[in-house]
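Notes for the one structure printed next.
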Amino acid sequence: MRCFRKRSAIPVLGVLIFCLLFMNLYIEDGYVLEEDKRVRDASTSQLNTDRYAPLIKEFSNFSSSINISYQILAGMPSPRKRYLTIGLSSVKRKKGNYLLETIKSIFEQSSYDELKEIVVVVHLADFDLSWCESIVQDISRKFSHHIIAGRLTIIHTPVEFYPILKGLKRNYNDPDDRVKFRSKQNVDYAFLLNFCSNLSDYYMMLEDDVRCSKNFLATIKKVVNSRKGSSWITLEFSKLGYIGKLYHSHDLTRLAHFLLMFYQEMPCDWLLIHFRGLLAQKDAIRFKPSLFQHMGYYSSYKGVENKLKDDEFEEDSIDIPDNPPVSISTNMNVFENYEVSKAYSSTEEYFWAKSPSSGDFYHIIFEKPIKISRIKVNTGSEDRPNDILHHGTLEVGERLVGNKKVKKCTTYLRLGDFNNGNFEMEDIDHKVLFNIDCIRILVTKNQIEWLIIKSISIWITEPINH
């Protein structure tokens, strides 16, 4: 296989550690296409690392690009590094073609300023060159100004760079044509990731049949900014397959090598779960509302029907909080791994503490003083509706004192009390005249019930100049 050549070997110890990590990874519950429902038994979901030990040695240098000669069919990425690359891989479908609508949605749902920070790369991964040429002509006619501006590039990987796609392993009792389809798809994405590795700071994986929410980039930037200082491998902006999966661009070559090494083992979305687990992100970090919706009616596999939709998608997600970078502390008795940070995001995670007492607090300190326009805090959950803050107040503070480990504000201003476990206030920037350094949620009465802080949302305005 031409793409598996000329890689230096790694030390034996590194190989053993790598293999052991893989052997401990299991497929987690996730999204499965309707036409591909199957039982994912843990005993069969492990990657067969013994079989691939030689490939692990060959692909030891995960930071280097895979040696491939791409064909640039249209456009050329700008030499200026962008904020986000959006990657699409597309093949000829027996029924329907949604690629142009997907590209249209990406550009139409972005503002003029957002377009300056985006580059879209389309990998036409079909071996039918006449089809590729036809699609290039259609895209070029409709999106010529984006191609000229360096926002849209179309590539193709010649067939000679692909591994052999016959005699593949039939895991999960898939028929041969299904195994070939999903194995080739893994290679398609690997080659796309490899091409995109140096184009931007972040990379978004999409399918070629999706619709985008308005100003999705602004939301992504808010989320990334709110997680500044924390470690993550994948952020998910859709609950479907590998739609809306965000990566650091510096991880793309490693992910490309990974997909190539295990391309015939399992579908791409399952491999993505293994990849983030290998890099120490055990749980999915998914944000709501979803920013991308599956719109295709026919699958690219045999044209079978695929009606799956993301019920958490919102086309106009204009109410996304800013949640600037913070440090958080509490004196409550935290239950297991429901840490304080899990309330300060729009994920499905939450903070959970055992029965709080009067005087207990949840303390937020901002990296720099800010002006806040709106605060919204929700406690409790659908499963545990009584684990709310029954008696509490929310305060904002100024003038930080203390050292790097322990800080607090010298002055606090009470904004209001929690009502049925929730707090929400708008126009705070008109009511609080100082720049805010801290927010404190204060328990004002002992409660028997435990406390879940489900979400803390903060919207900011420009800070006052000192």
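If I model a spin label at Glu108 and Asp201 as a point 7 Å from the Cα along the Cα→Cβ vector, what separation in nanometres do I get?
That separation, rounded to one decimal, is 2.9 nm.
Among the listed pairs Lys239/Lys288; Lys376/Lys431; Lys184/Lys214, which are separated by more than 21 Å between their Cα atoms?
Where the Cα-Cα span goes over 21 Å, the pairs concerned are Lys184/Lys214.
Measure off 7 Å from each Cα along the Cα-to-Cβ vector at Lys368 and Ser381, then give the distance between these two points in nanometres to one decimal.
3.6
Rounded to a whole number, what % of the accessible area of region 313-438 do carbon and sulfur atoms account for, probe 1.4 Å?
Roughly 44 percent, rounded to a whole number.
Between Asn446 and Lys405, what is the spin-label point distance in nm, taking each point 7 Å from the Cα along the Cα→C-beta axis?
Those two pseudo-labels are separated by 3.1 nm.
Enumerate the amide H contacts of Asp387 below 5 Å, restricted to partners 5 or more residues apart or on another chain; note that Pro and chain-start residues carry no placed amide H.
Distant-sequence amide H within range of Asp387: Ser381.
Reachable lysines from Lys354, Cα under 16 Å, same-chain residues fewer than 8 places away excluded?
Excluding near neighbours in sequence, the set is Lys342, Lys445, Lys454.
Provide the net charge surrounding Arg414, with neighbours chosen by a C-beta distance below 11 Å and charges set as Lys +1, Arg +1, Asp -1, Glu -1.
-1
Report the full-extension gain for the segment His391 to Lys166: residue separation times 0.36 nm, less the Cα-Cα distance, to one decimal in nm.
Residue separation times 0.36 nm, minus the Cα-Cα distance, leaves 74.5 nm.
Calculate the FRET efficiency for Thr461 and Leu100 from the Cβ-Cβ distance with a Förster distance of 56 Å, rounded to the nearest 0.05.
Numbers: r = 39 Å, r/R0 = 0.70.
Taking R0 as 56 Å, the efficiency between Thr461 and Leu100 is 0.90.
Which FRET efficiency value, to the nearest 0.05, is calculated for Lys180 and Trp232 with the Förster distance at 30 angstrom and r the Cβ-Cβ distance?
0.35
Accessible area per residue, 1.4 Å probe, Å², for region 164-293: what's the number?
29
Which entries in Lys104/Lys222; Lys180/Lys245; Lys116/Lys404; Lys94/Lys222; Lys222/Lys405; Lys116/Lys228 show an alpha-carbon gap greater than 32 Å?
Lys116/Lys404; Lys94/Lys222
Provide the per residue accessible area, probe 1.4 Å, for region 369-466, rounded to a whole number of square angstrom.
Counting only protein heavy atoms, the per-residue value for region 369-466 is 57 Å².
In region 206-236, whose amide N lies under 15 Å from the spot 7 Å out along Cα-to-Cβ of Lys116? List them in ranges.
The answer is 218, whose backbone nitrogens lie closer than 15 Å to the label point.
The values are calculated or read from the model by the stated rules, or taken from the named source; none is laboratory data. All of these numbers come straight from a predicted model, not from anything done at the bench. Methodologically, a virtual Cβ is constructed for each residue, glycine included, from the backbone with ideal geometry; neighbour enumeration extends over all protein chains shown. These area figures cover heavy atoms from the full protein model, side chains too; ligands, DNA and RNA do not enter into them. Shrake-Rupley method; radii C 1.70, N 1.55, O 1.52, S 1.80 Å.
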